[in-house]
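Engineer: Supplied in structure tokens, the structure appears directly below.
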Amino acid sequence: MNPVTHVLLFGSLARFNRGKRDEALELDLQAPTRIPDVLDLLKIPAKDVSLAMVNHRSVPKDFVVHLGDRLSLFPREYPIFADWLDHRF
């Protein structure tokens, strides 16, 4: 059994989790997966995402998510801190 990957959707992205703001989506990824492919799986347009964090660290948009990781996605309306600018989508 593979570890579950948790995806947290903040702000306006919560609509892709049936509006559940405080509940993580659980993905049963079969292999390491690039963030754009995770977005495709969840039917989230990449243009709606401003920042991704994996295991509490900001990551570039082509980062590979591994089984058991925690992926947090932030929408365009969230402010981006200076140290995250290199990872802005």
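The values are calculated or read from the model by the stated rules, or taken from the named source; none is laboratory data. What you are looking at is a predicted structure, and each value in this text was computed from that prediction instead of being measured. Glycine also receives a Cβ, built like all others from the backbone with ideal geometry; neighbour counts cover every protein chain displayed.
Engineer: Provide a single number: the residues in the range 1-24 that are more than 10 Å from the chain's Cα centre (by Cα), more than 15 Å from V64 (Cα to Cα) and part of a strand (DSSP E or B).
Structural biologist: Total meeting the criteria: 0.
Engineer: Would you mind stating whether P45 is surrounded by fewer than 15 Cβ atoms within 10 Å (Cβ to Cβ), at pLDDT 95 or above and of a type outside the set (D, E, K, R)?
Structural biologist: The answer is yes for P45.
Engineer: Determine, yes or no, whether L29 is touching a residue at least 40 places away in the same chain (Cβ under 8 Å), surrounded by 15 or more Cβ atoms within 10 Å (Cβ to Cβ) and either not in a helix (DSSP H, G or I) or not aliphatic (A, V, I, L, M) (or both).
Structural biologist: no
Engineer: Determine whether D62 is free of Cβ contacts under 8 Å to residues at least 12 places away in the same chain and either surrounded by fewer than 16 Cβ atoms within 10 Å (Cβ to Cβ) or in a strand (DSSP E or B) (or both).
Structural biologist: Judged against the criteria, D62 is not a match.
Engineer: Still on this model: Considering every residue within the range 40-49, establish whether at least one is without any contact (Cβ under 8 Å) to a residue 24 or more places away in the chain, closer than 20 Å to E77 by Cα, within 10 Å of the chain's Cα centre (by Cα) and not in a loop (DSSP other than H, G, I, E, B).
Structural biologist: no
Engineer: Quick check, is R76 of a type outside the set (F, W, Y) and exposed (fewer than 15 other Cβ atoms within 10 Å of the Cβ)?
Structural biologist: no
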